[in-house]
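The values are calculated or read from the model by the stated rules, or taken from the named source; none is laboratory data. Model, not experiment: these values are computed from the prediction. Note that we place each Cβ from the backbone using ideal geometry, even for glycine, and neighbour counts take in every protein chain shown.
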Amino acid sequence: MTKCSMEQELGCGLMGGVLQRWSNWSKKSSVPALPGKGMNKVSKEPVTDKSKKLSNNDDSRRRRSTSTVEPVLLDSSNLAKPLPEQDQKPVRKSELLPPRNSVSYSHPVKDSRRRSNTGRSSTSSSSGSTHHSKELAKVTTSDQQQSNNSKALIRATSSNIMLAGQLGNLRQLGAGSAVGNNGSNATIEALDKLPRKNSLGKLGGSVMGNIIRQPSDEFKQLHGLTGRLDPETLKNKGNEAYKQGRFEEALALYERAISLDSKQATYRCNKSAALLGLGRLMEAIVECKEAIQLDPTYCRAHHRLATIYLRLGDPEHALYHYKQAGNHADSNHISEAQTLIQRLKRCSDARKSHEWNTLLKETQCVITSGVDSAPEVYALQTEALLKINKHQEACITYNKGPKFAIESCINFFGLTVSAYLLMIKALVNMVSGRLDEAVSAAQHAARLDPGNKEISLVVKRTRAVSSARLSGNLLFKASKFVEACIVYGEGLEYDSYNPLLLCNRAACRSKLGQFEKAIEDCTAALNVQPSYSKARLRRADCNSKLERWETAIQDYEKLIRETPGDKEVARALFEAKVQLKKQHGEDIEDLKFGSNLVLVSSNERFRHFVTSAGMTVVLFCNKTKHKKVVQIMEQVCKRFPSINFLKVEIEDHPYLAKSEALTCIPAFKIYKNGSRVKEVPGNDPELLERSVKLYSS
């Protein structure tokens, strides 16, 4: 009798033969075997009424599986059939036996592997060979000896180890249901479909025979995530993030809430607020419209949509939605929309009558009234500045305006307005020297509004200017300066104040020795674009050629302030100053390029520098204690090579420190044209640099 029992436990007989044949097939599989350590991880928990009830069912299944040995065939006909529902409790003989203590699953053991991997490992372990069954029996016997304190007797045989993993659709889930699925994540997907009202021990733990697997970390995270996916909770968290200015985070939370419940108008309206915080007005309009479509009486959505329309320069739609906003809108909002309608009409009339100064004034009033995101208004102001030849201000104004995608502009503003916006973009690019982009924008505008004569003229102008620049550059490189000068002139017939063509023609005239005409072209370019450094440098060079040193020094000094590290400009400035001193008959023996930092050796030398024309910066310091301050001065003087920097060491010249009435040491004193203008503490290099820039202008 003992021998027969052992044969049953070790998998002999008919079942052993079947398992032996199946093990030969399983050796070719790549499924990893279940580690031996995992068999010992049986949690020892106190027995509760709930666990006793669960153990009765489990023990009855185990006794029945050990007494009945059935062959297992890998055929579709032998796939696992669904087990009875939990609420159906058929009467079994095994249920009449006294209940045993069972193992509780209430505290899961941490396991980093996926549940599907657990199933595959169990398959390999339970069906590898008869030798594996013997090892399993030995391990289980040792487990039984270790668990005597908890009085949980578990009998392990090869016939009650559940087959799972890569066996067709056969899956063992939890403590009682089998679900057919071929996916690698079938176990997790099936668990999601099970009711979650039961305890984790009832649903989370997976029992494969007598080997108990607790839920993995991935399952616990998934369970926790689904528990938190409450749209109202997500909305509340989004509101908190919005109040703290974290608009990106708020937007993500609102989007998650919408994905769970897309029928709530509040979520859409809140999402539009987050988009507004991020400056994405067009998308905010879409969300407000969605909210109103879900709830046409949603006053807050109407009010927000009206505000957006007002900012975009559409007062008619703003007025309509203000009237639908109920208590959220008052008479001031409606009056603001009505006033904007009148101001935009005056802008349109001023443009038609070519009253550019009036247009400039009206557009500025519109922008300051709160219409800060209307591209058409900024385009009108840019056009007015271009017409009065203030190209640099026009470029600045255009860059301040909103930059919406042209597709969004077409959908919101229409084809005519979008074509006008592209036309202004082409003009700005043309005066900025981006001629290829200018031609592209003008052609795009012509496609949107092919019958617009004004746009057709802009297309012709941009093409002519671009062609003249390209042809003139090729001739200039070939040293054909006369021909290049003519070609640049032809391009200027289409755009008389184009700074790029004016500066290029000045270069040709300078090469031809026509310095006066070159200066005229450079001055014309600087009038429309004062920051055009190439034109200023060319004008300074031409003035130097004509020995107009003072005029040249003014341009060089302005350039050196804009680009302090430009050695070419610094050397040109130094040469101009040397020539000016020579012209005035002054001594130039001590002048050397790059030597604008001078150590004061006498009172006379100090007075010579601080009383001369121009600007001088003097550092009063201790030569042993203030080395860091001296380093600061050396860095600043390199950025301002046209300014004299003096260093006075107070140990050698204490009388100078007293005579200049210093308030602290170290300290910088700034002198201009023989007068003291400012004192800067030695420990504030930023203030020193700002002051030098200010007084050198």
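Quick notes on this one:
- Verdict on ASN683 being at pLDDT below 85, more than 18 Å from ARG561 (Cβ to Cβ) and of a type outside the set (Lys, Arg): yes
- Here the helices (runs of 4 or more DSSP H) wholly within region 490-578 that include at least 3 residues being in contact (Cβ under 8 Å) with a residue 60 or more places away in the chain are 549-562.
- ALA442 surrounded by 15 or more Cβ atoms within 10 Å (Cβ to Cβ), touching a helix residue (DSSP H, G or I) at 6+ places or on another chain (Cβ under 9 Å) and touching a residue at least 24 places away in the same chain (Cβ under 8 Å): no
- Boolean, LYS271 is at pLDDT 95 or above and in the same structural domain as ASP295 (by TED's automatic domain parsing): yes
- Residue list for region 357-373, restricted to those being out of contact with any helix residue (DSSP H, G or I) (no Cβ under 9 Å at 6 or more places or on another chain) and at pLDDT 95 or above: none
- Restricted to region 229-283, the set of helices (runs of 4 or more DSSP H) holding at least 1 residues that are of a type outside the set (A, V, I, L, M, F, W, C) and under 16 Å from the mean Cα position of the chain (by Cα) comprises 247-260, 265-277.
- Selection from region 354-378 of residues that are without any contact (Cβ under 8 Å) to a residue 24 or more places away in the chain, in a helix (DSSP H, G or I) and not aliphatic (A, V, I, L, M): THR358, LYS361, GLU362, THR363, GLN364, CYS365, THR368
- Region 645-675, residues that are farther than 18 Å from LYS693 by Cβ and in contact (Cβ under 8 Å) with a residue 60 or more places away in the chain: GLY674
- Pick from region 299-315, criterion in a helix (DSSP H, G or I) and touching a Phe, Trp or Tyr at 6+ places or on another chain (Cβ under 8 Å), ranking: surrounded by the most Cβ atoms within 10 Å (Cβ to Cβ): ALA306
- Taking first residues from region 676-697 that are within 21 Å of HIS626 (Cβ to Cβ) and crowded, with 17+ Cβ neighbours inside 10 Å and partners that are modelled with pLDDT under 85 and aromatic (Phe, Trp, Tyr), the Cβ contacts under 8 Å between residues at least 6 apart in sequence or on separate chains come to VAL692/PHE640.
- Scope region 426-462; condition out of contact with any Ser or Thr (no Cβ under 9 Å at 6 or more places or on another chain), modelled with pLDDT of 95 or more and under 17 Å from LEU385 (Cα atoms); matching residues: VAL458
- Residue check: THR616 meets all listed conditions (1) over 27 Å from GLU557 (Cα atoms); (2) part of a strand (DSSP E or B); (3) of a type in the set (S, T, N, Q) but one, namely (1).
- Annotation note: Cβ proximity below 7 Å between a residue of region 294-311 that is assigned by TED's automatic domain parsing to the domain that holds GLN264 and modelled with pLDDT of 95 or more and a residue that is buried (at least 21 other Cβ atoms within 10 Å of the Cβ) and of a type in the set (S, T, N, Q) (sequence gap 6+ or interchain) occurs for ARG304/SER272.
- Candidates ILE486, ILE519, filtered to the one that is modelled with pLDDT of 95 or more, surrounded by fewer than 24 Cβ atoms within 10 Å (Cβ to Cβ), of a type in the set (A, V, I, L, M) and within 24 Å of GLU568 (Cβ to Cβ): ILE519
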